[in-house]
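Following: one structure in structure tokens, then a few remarks.
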Amino acid sequence: MTSLLHQITDYANRANPYPLYAELRKTPVIHDEDGPYIISTYHDILGLLHDPRISSEARNLSAPVADDLQPPEETSLPPSFLRLDPPEHDRLRGMTNRPFGPPHSPRRVEDMRPELGEIVSGLIDGLANGGRVDLVEQFSYPFPVTVICRLLGVPREDESRFHTWADTLAASLDPAPSEDRTEQARVAEEAKTQLGMYLAGLIEERRKSPRDDMLSALVTNVGPGGPMSTMEVLSTAALLLIAGHETTVNLITNGMLTLLRHPDVLQRLRDEPRMAVPIVEELLRYEPPVQLLPQRTPITDIEIRGVTIPKGASLWLVLASGNRDPQRFENPDRFDPDRKDIEHLGLGSGIHGCFGAPLARLEAQVALAELARRLDNPRLVEDPPPYRRNAVLRGPRHLNVEIDGLRP
């Protein structure tokens, strides 16, 4: 079984890990002496995502998670709510949600639809009118950063600086073996410091002169546990930038790759833009941007399928495997946007379900519908494309496409 775990994290299998996940599911709880416990079936994963005995806090781990699978966090900031358990998790997430969604701000995301459309149109207008384009570099990467800047309230003239920081931090998530890890870490740390200093200045401005943006709401709203501290606001803003950016990049890029492999569905989307809603839901099942959650641990001994998982053990929940579980989904390896029963794990579930899910869904729907409408005869240059090295946040590093031109 050790070799199977090695294969899953091996870059050579990044383009298609799904046959390996099928092997995993034959033994629903896998463990070897030195490694984590791996959970790969849908119902077991869903149950654990809702189990209050499962912790997200690193301090509860008896042994550290492998560095290459542990999503990075700004070490000089307190943990974001992503890595906290109740009650602190509930306090911070609840306060962050007040300016982001229901019930306090029910239309915050939906009201961004026209602005999202403008950003998407501008990026597509910037593509070459014929020839080769890299949809990652020229579209999927810049789009979510711009959206997060607008959501937080970053001045337009500073957005380019945010793009630079996001690119640097993205590179640190996805190191190449040939690169100097020490130098890469230094550059990433410098970018984090600059980002932190910039956000700290912006936070102070918003305290004095609040505006109609999320950063202003975070610094002025007072929840049941009192207001957020400056460090908590910084940590939350950094989470929105890093987590919100990386996952949406992969969702859009995996989506275009899948549509280009299924030209009949691409044509349906071109003819019926409303198809974007079921297409994105099926994409979240079929090619989820987050493949697995490696940062979980039981706070007491638990039993799964007759296997006792001890307190403090490292626990991996392989969401992408659960999404292809034939015990839950009929013909799970088939991409089918007409699928009716689609309660997928692509955005997690439970108290740590994806905070930005409404925005990620809307971004992907707007982006894919407009790309389908405006790209004339798009076709893949290489299949599979080159993938990012990251096993957790899986998606193509480049998606080179030939187009005949741009439709108006």
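Filter the stretch 115-147 down to the residues that are over 21 Å from ARG397 (Cα atoms) and without any contact (Cβ under 8 Å) to a residue 40 or more places away in the chain, then identify the one that is surrounded by the most Cβ atoms within 10 Å (Cβ to Cβ).
The initial filter retains those residues of the stretch 115-147 that are over 21 Å from ARG397 (Cα atoms), namely 115-119, 121-122, 125, 129-130.
Filter again for without any contact (Cβ under 8 Å) to a residue 40 or more places away in the chain, leaving 115, 118-119, 122.
Working: GLU115: 14, GLU118: 10, ILE119: 20, GLY122: 12.
By that ranking, first place goes to ILE119.
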Filtering the stretch 227-237 for residues that are buried (at least 20 other Cβ atoms within 10 Å of the Cβ) and part of a helix (DSSP H, G or I) leaves a count of 6
Flagged in the stretch 372-384 as open to solvent by 50 Å² or more (accessible area, probe 1.4 Å) and either part of a helix (DSSP H, G or I) or of a type in the set (Gly, Ala, Ser) (or both), in numbering order, are ARG373
Matching residues in the stretch 359-393 (of a type in the set (Lys, Arg) and modelled with pLDDT under 95) number 2
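Conditions (1) open to solvent by less than 40 Å² (accessible area, probe 1.4 Å); (2) at pLDDT below 90; (3) closer than 30 Å to THR230 by Cβ, marked per residue:
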{"residue": "THR27", "(1), (2), (3)": "no, no, no"}
{"residue": "GLY35", "(1), (2), (3)": "yes, yes, no"}
{"residue": "HIS43", "(1), (2), (3)": "no, no, no"}
{"residue": "LEU61", "(1), (2), (3)": "yes, no, yes"}
{"residue": "ASP68", "(1), (2), (3)": "no, yes, no"}
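If you check ASP51 against the conditions, is it at pLDDT 90 or above, open to solvent by less than 60 Å² (accessible area, probe 1.4 Å) and within 21 Å of ILE242 (Cβ to Cβ)? Outline the logic, then answer.
On the way: at pLDDT 90 or above: yes; open to solvent by less than 60 Å² (accessible area, probe 1.4 Å): yes; within 21 Å of ILE242 (Cβ to Cβ): no.
No: the conditions fail for ASP51.
Does LEU347 qualify as being open to solvent by less than 20 Å² (accessible area, probe 1.4 Å) and either among the hydrophobic types (A, V, I, L, M, F, W, C) or in a strand (DSSP E or B) (or both)? Don't jump to the end; show me each part of the working.
Working: open to solvent by less than 20 Å² (accessible area, probe 1.4 Å): no; either among the hydrophobic types (A, V, I, L, M, F, W, C) or in a strand (DSSP E or B) (or both): yes.
So LEU347 does not fit the description; no.
Can you find a residue that is closer than 30 Å to ASN377 by Cβ and of a type in the set (Lys, Arg) anywhere in the stretch 251-269?
Looking only at the stretch 251-269, we keep the residues that are closer than 30 Å to ASN377 by Cβ, and these are 251-269.
The next check asks that each one be of a type in the set (Lys, Arg); those that pass are 261, 268.
Looking through the stretch 251-269, at least one residue is closer than 30 Å to ASN377 by Cβ and of a type in the set (Lys, Arg).
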Practice problem: Output yes when any residue across the stretch 358-371 is in a helix (DSSP H, G or I), more than 30 Å from PHE81 (Cα to Cα) and open to solvent by 10 Å² or more (accessible area, probe 1.4 Å), and no when none is. | Solution: yes
Scan the stretch 219-226 and give yes if some residue there is part of a helix (DSSP H, G or I), open to solvent by 10 Å² or more (accessible area, probe 1.4 Å) and touching a Phe, Trp or Tyr at 6+ places or on another chain (Cβ under 9 Å), otherwise no. no
Filtering the stretch 206-218 down to residues that are surrounded by fewer than 20 Cβ atoms within 10 Å (Cβ to Cβ) and more than 19 Å from VAL109 (Cα to Cα) yields ARG207, LYS208, SER209, PRO210
Can you confirm whether the stretch 173-190 contains a residue that is out of contact with any Cys (no Cβ under 9 Å at 6 or more places or on another chain), modelled with pLDDT under 80, aliphatic (A, V, I, L, M) and surrounded by 15 or more Cβ atoms within 10 Å (Cβ to Cβ)? yes
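Each row is one residue, and each column tells you yes or no for (1) over 26 Å from the mean Cα position of the chain (by Cα); (2) more than 25 Å from TYR141 (Cβ to Cβ).
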{"site": "ASP167", "(1), (2)": "no, no"}
{"site": "ALA188", "(1), (2)": "no, no"}
{"site": "ALA191", "(1), (2)": "no, no"}
{"site": "SER209", "(1), (2)": "yes, yes"}
{"site": "ALA217", "(1), (2)": "no, yes"}
{"site": "THR220", "(1), (2)": "yes, yes"}
So the helices (runs of 4 or more DSSP H) completely within the stretch 244-335 holding 3 or more residues that are over 21 Å from LEU393 (Cβ atoms) and open to solvent by less than 20 Å² (accessible area, probe 1.4 Å) are 263-271
Per the filter on the stretch 1-25, residues open to solvent by 30 Å² or more (accessible area, probe 1.4 Å), part of a loop (DSSP other than H, G, I, E, B) and of a type in the set (Lys, Arg) are none
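Can you tell me which residue within the stretch 368-408, out of those that are of a type in the set (A, V, I, L, M) and touching a Ser or Thr at 6+ places or on another chain (Cβ under 8 Å), is nearest to GLU115 (Cα to Cα)? Outline the logic, then answer.
Residues of the stretch 368-408 that are of a type in the set (A, V, I, L, M), as a first pass: 368-369, 371-372, 375, 380-381, 391-393, 399, 401, 403, 406.
Subset that is touching a Ser or Thr at 6+ places or on another chain (Cβ under 8 Å): 391, 393, 399.
Details: ALA391: 32, LEU393: 27, LEU399: 25 Å.
Looking at the filtered set, the residue picked out is LEU399.
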Taking the stretch 148-167 and keeping residues over 21 Å from PRO210 (Cβ atoms) and either in contact (Cβ under 8 Å) with a residue 24 or more places away in the chain or open to solvent by less than 30 Å² (accessible area, probe 1.4 Å) (or both) leaves ARG161, THR164, TRP165, ALA166, ASP167
| message | Scan the stretch 196-205 and tell me whether some residue there is modelled with pLDDT under 90, open to solvent by less than 60 Å² (accessible area, probe 1.4 Å), under 19 Å from ASN390 (Cα atoms) and assigned to a helix (DSSP H, G or I). | response | no
Counting only residues in the stretch 1-25 that are of a type in the set (Gly, Ala, Ser) and more than 14 Å from THR41 (Cβ to Cβ), the one modelled with the highest pLDDT is identified as ALA15
**Request:** For the stretch 224-243, indicate whether the set of residues that are touching a residue at least 40 places away in the same chain (Cβ under 8 Å), closer than 21 Å to LEU116 by Cβ and over 24 Å from the mean Cα position of the chain (by Cα) is non-empty.
**Result:** no
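The values are calculated or read from the model by the stated rules, or taken from the named source; none is laboratory data. Since this is a predicted model, take the numbers as computed values, not measurements. Please note: Cβ atoms are built from the backbone with ideal geometry, for glycine as well, and neighbour counts cover all protein chains shown. Surface accessibility is based on the protein's heavy atoms, side chains included, excluding ligands, DNA and RNA. Shrake-Rupley method; radii C 1.70, N 1.55, O 1.52, S 1.80 Å.
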